[in-house]
Amino acid sequence: MRWLDSAFESGVKPPHSIPARNSLANYVTSTAINRLLNQLGELKNRFGSREHRSVERILSELGRQEVADGETLVRLHETLLFISAYPQSARARTLAESLLRNFAKRVEKLRAAGEDLSPLESPEVSGIAGMSVTDTFSYYIVRWLVRLPQDRVALAWEWFEDENRLAETWPRFMPLLEEDSFVEANVPYQTWLRAASGGAAKDLTWLIRRFASLPKTDMEKAELYDSQKLYVRWSPPYRATRTGMRLATSKVFYHRDPLIQRREVSLQREMENPAPPLERLSAKQGEAILDMAREASTVRYRELYGFTHGDPRRVFKTNLGRGINVFITALPPKRRLPLRAYHAAMIFKNGVPVGYFEGLSLFERMESGFNLYYSFREGETAWLYARILSIFRHLLGVTAFSIDPYQVGYENQEGIESGAFWFYRKLGFRPTSPAVTKLMRSEEKKIASRSTYRTAAKTLRQLAAGSMIFEVDKSKSGDWDRFQVRNVGLAVQRQMAAKHIGNADRFRAEAVKELTRALGIRTNDWREAELRPFSDFAVTLSLVKDLSEWRDIEKRALVRVIHAKTTSDESSYLKLMQKHARLRKAIIKMGSLSGPIEYL
């Protein structure tokens, strides 16, 4: 799983110095608008009648102000987005949305004046209206981009770093290119592409179509395309920018009272509350939501596996209240992981995309990744996180939620600065490492004895050295403490190296034969989609020496688990897994050993 961001990154700070390039007039303008933004920053989380009138007044005044530099423009943008998602009144939201609709003009004015726009290009704030995003996007994302109705995507040749990568690939699309690429220096690949495609506007679309036509699997096409590291620039339309992306909503939730604080949230209580109803969307509606999720991710330089490859027929909507709509996505059978079940969720607050969730589940354990976008981290983070976990608790039957060390600060400075470890700890998560647990207990005593005590950054890094977990079912506490799915994969590699000299095809064939024999079944009539997970389970269970001694009822249950991996919904796969105690014990043991392994 790509744990791209901590949920608690700090925001862009207002400038503290006057750039030499700014004129005195620009400085005076920036000082005035930042003073208004300071006032708005203090008021946006206060929800009385006096406060919301003050917010409306400041927003009206901001509409008359010119922004003279990029940093101030970013700050204005993020403040307006927050107010659109967490409005105190209808007028405040209308004013914020009106100001946002003019953002492309503000950006263009700064560009025309020669101002530095680099603050708008940071991945933390990218996707502002009037700006583009440029990156080596994956084959799947570029293929999706060129299919969009707007002609807003093109190759960014000035970013290109290594044209030698094209010498072996492009000749399959361009007759006689070898005459140039194999023996000449400084090959004009852009000229060749333009000649072959019939014009600059068609370059990228033509190239992607050539890759799509190759007699290869999608994965092979992606591997070949991605190896070129082609930079692509996308200039999203307003509706796809962070500034303008909105989910249509019939009812806006206006905040009249203080936001829900972390101390008011009980994760255990949320797990016991009834699940909100889920509405399954049509395939057309599901595709529209997946497109929004891809757009929201791409403008932020992110790519989430579940959005890129999501199944439009398996998208569900639920309303959590307080203006929150959550869309849960699943994967089609051909895109599923070998062992874990994968689900993702896109989160909207009053129609504004505010974050996403990613869950990887095995038996009753889910590895959870939660990212509330930077603009909204002063919102109701703890309440929202608890509600999201509760949805998956009811949907999938998962009862143990694991957090990757990165989320709490491991090699993640933003997680350290925000004290993310204590955010999760106060929700009820505990470290899985005995050494970290001992350190945590020591810190908790210091915090309890001194009201002014704050954990040092050095100590927070030590606390972030291991995973954390929250267990609804305390009777199984500790079962997953040492588990990593990576350990299962590494054990399988060692088995392959020892018994088959690293030959994966031979290893799989032998493992399939052994599992078929151990289960007493024939797979001649199995569909190809069912044979792939059978092969994955075969190489995994090749480490279980007593498999042939399992009871018949356990073997039949294992076959049902494998079959369920390819059904329309992986929730049935998980729930069958959760009933198979012997399989669970074997997998946990396999994933809890990190050293050499013969047989379990």
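Going through the range 561-586 one residue at a time, which ones are of a type in the set (D, E, K, R), surrounded by fewer than 21 Cβ atoms within 10 Å (Cβ to Cβ) and either in contact with a helix residue (DSSP H, G or I) (Cβ under 9 Å, 6 or more places away or on another chain) or not in a helix (DSSP H, G or I) (or both)? If the condition is that a residue be of a type in the set (D, E, K, R), surrounded by fewer than 21 Cβ atoms within 10 Å (Cβ to Cβ) and either in contact with a helix residue (DSSP H, G or I) (Cβ under 9 Å, 6 or more places away or on another chain) or not in a helix (DSSP H, G or I) (or both), then ASP569, LYS575, LYS579, ARG582, ARG584 are the ones that fit.
Confirm whether PHE47 is surrounded by 15 or more Cβ atoms within 10 Å (Cβ to Cβ), at pLDDT below 95 and under 30 Å from ARG486 (Cβ atoms).
Details: surrounded by 15 or more Cβ atoms within 10 Å (Cβ to Cβ): yes; at pLDDT below 95: yes; under 30 Å from ARG486 (Cβ atoms): no.
In short, no.
Identification of helices (runs of 4 or more DSSP H) wholly contained in the range 188-228 with 1 or more residues that are within 12 Å of MET174 (Cβ to Cβ) yields 189-197, 203-212. Flag: SER402 matches the condition of being closer than 25 Å to GLU380 by Cβ, among the small types (Gly, Ala, Ser), crowded, with 19+ Cβ neighbours inside 10 Å and at pLDDT 95 or above. Of the residues making up the range 310-324, those that are of a type outside the set (D, E, K, R), crowded, with 19+ Cβ neighbours inside 10 Å and farther than 15 Å from SER390 by Cβ number 3.
Within the range 147-169, residues that are modelled with pLDDT under 85 reach partners that are of a type in the set (Gly, Ala, Ser) and in a helix (DSSP H, G or I) with beta carbons closer than 7 Å, at six or more positions or on different chains, in the pairs ASP151/ALA201.
Please find, within the range 345-358, the residue that is nearest to GLU124 (Cα to Cα) out of those that are outside any loop (DSSP other than H, G, I, E, B) and not aliphatic (A, V, I, L, M). Show your work before the answer.
The first filter runs over the range 345-358 and keeps only residues outside any loop (DSSP other than H, G, I, E, B), leaving 345-349, 352-358.
Imposing the further condition that a residue be not aliphatic (A, V, I, L, M) reduces the set to 348-349, 353, 355-358.
Values: PHE348: 18, LYS349: 19, PRO353: 15, GLY355: 13, TYR356: 15, PHE357: 17, GLU358: 19 Å.
For the range 345-358, the residue satisfying everything is GLY355.
Might you let me know whether the range 272-285 holds any residue that is assigned to a strand (DSSP E or B), over 24 Å from PHE429 (Cβ atoms) and charged (D, E, K, R)? Yes, the range 272-285 contains a residue that is assigned to a strand (DSSP E or B), over 24 Å from PHE429 (Cβ atoms) and charged (D, E, K, R). When ARG53, ARG64, ARG91 are checked against the criterion of being surrounded by fewer than 21 Cβ atoms within 10 Å (Cβ to Cβ) and modelled with pLDDT of 95 or more, ARG91 stands alone in meeting it. There is at least one residue in the range 371-383 that is touching a residue at least 60 places away in the same chain (Cβ under 8 Å), buried (at least 22 other Cβ atoms within 10 Å of the Cβ) and assigned to a strand (DSSP E or B). Looking only at the range 471-508, residues that are in a helix (DSSP H, G or I) and within 22 Å of VAL561 (Cβ to Cβ) come to 11 in all.
Test of understanding: among TYR342, TYR410, which residue is in contact (Cβ under 8 Å) with a residue 12 or more places away in the chain, outside any helix (DSSP H, G or I) and out of contact with any Phe, Trp or Tyr (no Cβ under 8 Å at 6 or more places or on another chain)?
On the way: TYR342 fails: out of contact with any Phe, Trp or Tyr (no Cβ under 8 Å at 6 or more places or on another chain).
On inspection, the qualifying residue turns out to be TYR410.
Out of the range 127-145, which residues are more than 20 Å from ARG165 (Cβ to Cβ), touching a strand residue (DSSP E or B) at 6+ places or on another chain (Cβ under 6 Å) and of a type in the set (A, V, I, L, M, F, W, C)? The answer is VAL133, LEU145.
The numbered conditions (1) part of a loop (DSSP other than H, G, I, E, B); (2) assigned by TED's automatic domain parsing to the domain that holds ASP226; (3) surrounded by fewer than 21 Cβ atoms within 10 Å (Cβ to Cβ) are all true for TYR140 except (1).
For the range 511-541, what are the residues that are outside any loop (DSSP other than H, G, I, E, B), farther than 22 Å from LEU337 by Cβ and either free of Cβ contacts under 8 Å to residues at least 24 places away in the same chain or of a type in the set (Val, Ile, Thr) (or both)? Within the range 511-541, LYS513, THR516 meet the criteria.
Can you tell me which residues in the range 76-92 are of a type in the set (S, T, N, Q), under 13 Å from ASN45 (Cβ atoms) and under 24 Å from the mean Cα position of the chain (by Cα)?
Start the filter on the range 76-92 by keeping residues that are of a type in the set (S, T, N, Q), which leaves 79, 84, 88-89.
Among the residues that remain, those that are also under 13 Å from ASN45 (Cβ atoms) are: 79, 88.
Once the filter is applied, which keeps residues that are of a type in the set (S, T, N, Q), under 13 Å from ASN45 (Cβ atoms) and under 24 Å from the mean Cα position of the chain (by Cα), the range 76-92 yields only THR79.
The values are calculated or read from the model by the stated rules, or taken from the named source; none is laboratory data. The shown structure was predicted, so the numbers you read here are calculated from the model rather than taken from an experiment. Neighbour counts run over all protein chains shown; Cβ positions are idealised from the backbone, glycine included.
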